[in-house]
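Engineer: I'd like to ask some things about the structure below.
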Amino acid sequence: MWRVAAVRLLRARGPGNPRSASGAAAAELRRRLENQLEDIRGAGTWKSERVIASRQGPHLRLAGGGAGILNFCANNYLGLSSHPEVIRAAVETLEKFGAGLSSVRFICGTQSIHKDLEEKIARFHQREDAILYASCFDANAGIFEALLTPEDAVLSDELNHASIIDGIRLCKANKYRYKHMDMQDLEAKLQDAQKHRLRLVATDGAFSMDGDIAPLREICQLAQKYDALVFIDECHATGFLGPNGRGTDELLGVMDKVTIINSTLGKALGGAAGGYTTGPKPLIDLLRQRSRPYLFSNSLPPAVVGCASKALDLLMESNAIAQSMAAKTQRFRSKMTAAGFTISGKDHPICPVMLGDARLATVMAEDMLNRGIYVIGFSYPVVPKGKARIRVQISAVHSDEDIDRCVEAFIEVGQKHGALP
Ligand code: PLP
């Protein structure tokens with residue numbers, strides 16, 4: 001009897017059709033979700049995803065046609081995402097170590113390549129030890145709760161990345177939020193936090209929406225004065241800021257003053273995925289025992305480890321790649337400024353073209369794509385109201401011609417839409 005019913009059901013649904021639950025609760029859920037989605041569309045904050053049909057790189061093919069698109073919106077700062085040696089390393093590691101571990105690290109998920117990569121990361125940053133995570137989001141989610149107790153305090157820049165905010169939410173320390181890069185406000189909060197046992201200042205090294213760099217020298221001076229530790233998220237700095245690409249701490253000469261670094265393997269370091277914490281050995285040992293995203297999530301897949309490991313080898317062999325990106329950034333920023341655009345931040349490959357009006361940012365980004373240049377407009381709530389912008393990201397593998405084509409398109413589109421005189 002049940003067989004007949006099942007066959008009838010399958011026939012009614014058809015083999016490829018999705019199942020959907022029935023009943024009042026399911027109907028109510030569907031209604032609520034559809035309302036929420038409508039609200040998001042109505043607020044103009046819907047994020048749509050363009051589908052890429054090629055490798056990540058400066059030149060893309062989009063699904064459904066668009067070929068030869070010049071890409072200025074990836075975090076592929078060093079162009080290593082499709083570097084032939086990085087790809088080869090991934091393939092070799094995949095063949096030798098398999099597709100994955102089917103395990104967390106402490107059960108049976110640690111291979112020699114994981115240990116080697118952790119050692120390499122620590123050496124790259126000149127720290128005692130490092131621990132891998134599936135992402136930097138996880139590294140940020142897992143550190144504050146493991147490190148800080150209700151007797152401690154964490155002081156966080158108000159524009160820190162969402163993953164730092166979430167990580168801090170999970171911990172029981174006393175929480176202070178200081179105004180963005182405002183050292184007076186940080187000092188006032190540090191004074192108030194003297195009553196707590198341990199103080200940790202947490203900041204992005206480079207802020208991804210504005211391309212601005214945290215005043216780490218001043219932060220470290222204040223930390224010294226008020227006996228605090230400094231934590232930096234280096235996702236938009238590792239591999240390319242500083243003379244050897246070590247990051248913001250190298251750029252600003254405070255490598256020996258920053259205690260903890262979290263960063264990603266998913267941007268400049270090959271772009272596959274993964275994150276890490278590097279710092280004092282006892283901290284890393286503690287994270288292996290207590291950090292929940294590390295303890296309860298699968299090991300990084302070997303191919304991903306292979307990519308990141310090769311990316312670090314390339315960076316440790318020579319600083320030429322990091323340097324070439326700095327020159328390209330300078331070319332874009334100076335040409336755009338000369339044309340009359342305002343570019344936020346300084347000396348960072350994140351170059352936000354400030355436009356103010358949200359609609360202007362959207363239509364200009366669309367028109368740039370019509371001219372074969374892929375850039376993204378950002379508006380409220382991702383950035384403050386009235387501060388809409390198009391974010392351009394420069395990569396070491398953009399040619400000078402690519403950059404000039406982008407600038408020319410901006411000038412044409414800017415004049416057409418009244419953003420330039
Ligand atoms: N921190 C910052 C500043 C980021 O920009 C990002 C990624 O967008 C993350 C953390 C998360 O990194 P991952 O992609 O490795 O999770």
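The values are calculated or read from the model by the stated rules, or taken from the named source; none is laboratory data. None of these values were measured; they are calculated from a predicted model. Here the Cβ positions follow ideal geometry from the backbone for every residue, glycine too, while neighbour counts run over all protein chains shown. All accessible areas refer to the heavy atoms of the entire protein, side chains included, with ligands and DNA or RNA removed. Shrake-Rupley method; radii C 1.70, N 1.55, O 1.52, S 1.80 Å.
Engineer: Within the range 172-189, identify whether any single residue is open to solvent by 40 Å² or more (accessible area, probe 1.4 Å), within 14 Å of ILE260 (Cβ to Cβ) and touching a helix residue (DSSP H, G or I) at 6+ places or on another chain (Cβ under 8 Å), and answer yes or no.
Structural biologist: no
Engineer: Which residues, taken from the range 141-155, are touching a Phe, Trp or Tyr at 6+ places or on another chain (Cβ under 9 Å) and open to solvent by less than 10 Å² (accessible area, probe 1.4 Å)?
Structural biologist: GLY142, ILE143, PHE144, ALA153, VAL154, LEU155
Engineer: May I pose another question? Is it true that SER324 is farther than 18 Å from ALA396 by Cβ and touching a residue at least 60 places away in the same chain (Cβ under 8 Å)?
Structural biologist: no
Engineer: May I pose another question? GLY245 - would you say it is at positive phi, more than 20 Å from the chain's Cα centre (by Cα) and not charged (D, E, K, R)?
Structural biologist: Against the criterion (at positive phi, more than 20 Å from the chain's Cα centre (by Cα) and not charged (D, E, K, R)), GLY245 does not qualify.
Engineer: Something else now. Between LEU101, LEU78, LEU94, which is touching a Gly at 6+ places or on another chain (Cβ under 9 Å) and not in a loop (DSSP other than H, G, I, E, B)?
Structural biologist: LEU94
Engineer: Then there is this: Taking the range 205-220, which residues are more than 15 Å from ASP185 (Cβ to Cβ) and open to solvent by 10 Å² or more (accessible area, probe 1.4 Å)?
Structural biologist: Scanning the range 205-220 gives SER208, MET209, ASP210, ASP212, ILE213, ARG217.
Engineer: Among the residues of the range 388-403, which ones are touching a residue at least 12 places away in the same chain (Cβ under 8 Å) and out of contact with any strand residue (DSSP E or B) (no Cβ under 7 Å at 6 or more places or on another chain)?
Structural biologist: Answer for the range 388-403, where residues must be touching a residue at least 12 places away in the same chain (Cβ under 8 Å) and out of contact with any strand residue (DSSP E or B) (no Cβ under 7 Å at 6 or more places or on another chain): SER395, ALA396, VAL397, HIS398, SER399, ASP400, ILE403.
Engineer: Please go through (1) open to solvent by less than 20 Å² (accessible area, probe 1.4 Å); (2) more than 14 Å from the ligand (Cβ to nearest atom); (3) not charged (D, E, K, R) for ILE350 and return the number of the only condition it doesn't satisfy.
Structural biologist: (2)
Engineer: Test LEU29 against the stated conditions and say whether it is without any contact (Cβ under 8 Å) to a residue 12 or more places away in the chain and either surrounded by 11 or more Cβ atoms within 10 Å (Cβ to Cβ) or within 30 Å of PHE72 (Cα to Cα) (or both). Steps first, answer last, please.
Structural biologist: On the way: without any contact (Cβ under 8 Å) to a residue 12 or more places away in the chain: yes; either surrounded by 11 or more Cβ atoms within 10 Å (Cβ to Cβ) or within 30 Å of PHE72 (Cα to Cα) (or both): yes.
Answer is yes for this residue.
Engineer: If you go through the range 214-240, how many residues are within 15 Å of the chain's Cα centre (by Cα) and assigned to a loop (DSSP other than H, G, I, E, B)?
Structural biologist: Of the residues in that region, 7 qualify.
Engineer: Output the number of residues of the range 363-390 satisfying the condition of being open to solvent by 50 Å² or more (accessible area, probe 1.4 Å), outside any strand (DSSP E or B) and under 19 Å from GLY66 (Cα atoms). Spell out how you get there, then give the answer.
Structural biologist: The initial filter retains those residues of the range 363-390 that are open to solvent by 50 Å² or more (accessible area, probe 1.4 Å), namely 366, 370-371, 376, 380-382, 384-387.
Of the ones still in play, those that are also outside any strand (DSSP E or B) are 366, 370-371, 380-382, 384-387.
Now restrict to residues that are under 19 Å from GLY66 (Cα atoms): 366, 370-371.
Result for the range 363-390: 3.
Engineer: When both residues are 6+ apart or on different chains and their Cβ atoms are under 8 Å apart, which pairs have a first residue that lies in the range 270-291 and is basic (Lys, Arg), and a second that is within 16 Å of the ligand (Cβ to nearest atom)?
Structural biologist: From residues that are basic (Lys, Arg), the pairs are ARG288/ILE131; ARG288/TYR294.
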